[in-house]
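For reference, the structure is listed below as structure tokens.
The values are calculated or read from the model by the stated rules, or taken from the named source; none is laboratory data. Because the structure is predicted, anything quoted here is derived from the model rather than measured. Neighbour counts run over all protein chains shown; Cβ positions are idealised from the backbone, glycine included.
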Amino acid sequence: MGYWDSSTEILDFNSSFSALSSWIVSAKDLNKSMNLLFLLNTRGDLIMPKTINVTLAIPKEVKEKMDSFREINWSEVMRQTLSEKIQRLNLLKKLDELTAGSKLTDDDIRRISDKVKEGIARRHGLM
């Protein structure tokens, strides 16, 4: 896309309108299910929000169960869940990069893992 960087918060409305229009078209072309909110301040600057709305499709039964817990902020639950998932995926990506040149086989890794687990169990008096 290249027209708008997520670190950008305020765009000059006059100079950025055509680029913004192109960005919106590109987002539609990607068939994203996002509701984008744009605000104008009193100077006519286009203010990009720090968050966007994302629409999720969930089974009706799940929604009914969610509704039974009205005190829960489900948006916050999803924000935390997505952040944690991204952190795990980034860790796995880093591990893949670190082990890319490894000559260990899956059996080697299982043996090492078993030894580590055994050592932890012994240290905590579980063996």
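What is the residue count in segment 96-127 for residues that are within 30 Å of the chain's Cα centre (by Cα) and surrounded by 10 or more Cβ atoms within 10 Å (Cβ to Cβ)?
Step one: of segment 96-127, the residues within 30 Å of the chain's Cα centre (by Cα) are 96-102, 106, 109, 113.
Cutting the leftovers down to surrounded by 10 or more Cβ atoms within 10 Å (Cβ to Cβ) gives us 99, 109, 113.
Adding up the residues that qualify gives 3.
Can you find a residue that is free of Cβ contacts under 8 Å to residues at least 60 places away in the same chain and in contact with a helix residue (DSSP H, G or I) (Cβ under 8 Å, 6 or more places away or on another chain) anywhere in segment 79-98? Give the derivation first.
At the first step, the residues of segment 79-98 found to be free of Cβ contacts under 8 Å to residues at least 60 places away in the same chain are 79-98.
Filter once more, keeping what is in contact with a helix residue (DSSP H, G or I) (Cβ under 8 Å, 6 or more places away or on another chain): none.
The answer is no; no qualifying residue exists.
What residue, among those in segment 38-83 that are among the polar types (S, T, N, Q) and either at pLDDT below 70 or touching a Cys at 6+ places or on another chain (Cβ under 8 Å) (or both), is surrounded by the fewest Cβ atoms within 10 Å (Cβ to Cβ)?
As a first pass, look at segment 38-83 and keep what is among the polar types (S, T, N, Q): 41-42, 51, 53, 55, 68, 73, 75, 80-81, 83.
Next, only the ones that are either at pLDDT below 70 or touching a Cys at 6+ places or on another chain (Cβ under 8 Å) (or both) stay: 41-42.
Working: Asn41: 10, Thr42: 5.
Step by step, filter segment 38-83, then rank; the result is Thr42.
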